[in-house]
Amino acid sequence: MKVRTEFYSRLREIVGAPALEVELPDDATVHELVEKLCGDYPRLRDFTKSVLFGIGVEFVQANHSLDDGDVVAIMPPVQGG
């Protein structure tokens, strides 16, 4: 299956693109997506404990099962002051 992964803030700088198409096995989870991305972009691993994942208008957990064509937003937590 293919999913579109969108990156925000510092994560976009690490990947060097606002979004990527990622090929995954049919039964993949968000966690497996993140592991694949960390393999390609090791500096992402520094953020894996604090990022938020969104599909559509909902936040999801790392164990969320993905569907072909999903758009997964990966973003650092919002910070303000």
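The values are calculated or read from the model by the stated rules, or taken from the named source; none is laboratory data. It should be emphasised that the depicted structure is a prediction, and the values quoted were computed from it without experimental measurement. Glycine also receives a Cβ, built like all others from the backbone with ideal geometry; neighbour counts cover every protein chain displayed. Areas reflect the complete protein model, heavy atoms only, side chains present, ligands, DNA and RNA absent. Shrake-Rupley method; radii C 1.70, N 1.55, O 1.52, S 1.80 Å.
What residue, among those in the stretch 1-41 that are in contact (Cβ under 8 Å) with a residue 60 or more places away in the chain and in a helix (DSSP H, G or I), is least open to solvent (accessible area, probe 1.4 Å)?
LEU11
Residue by residue, here is whether (1) at pLDDT 95 or above; (2) aliphatic (A, V, I, L, M) holds:
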position	(1), (2)
ALA19	yes, yes
GLU32	yes, no
LYS49	no, no
VAL71	yes, yes
MET75	no, yes
GLY80	no, no
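Tell me whether the stretch 61-75 contains one or more residues that are crowded, with 16+ Cβ neighbours inside 10 Å and assigned to a helix (DSSP H, G or I).
No, because not a single residue in the stretch 61-75 is crowded, with 16+ Cβ neighbours inside 10 Å and assigned to a helix (DSSP H, G or I).
Examine the stretch 43-55 for a residue that is open to solvent by 60 Å² or more (accessible area, probe 1.4 Å) and outside any helix (DSSP H, G or I), and state whether such a residue exists. Steps first, answer last, please.
Of the residues in the stretch 43-55, the ones open to solvent by 60 Å² or more (accessible area, probe 1.4 Å) are 43, 45-46, 49, 52.
Cutting the leftovers down to outside any helix (DSSP H, G or I) gives us 49, 52.
Yes, the stretch 43-55 has at least one match.
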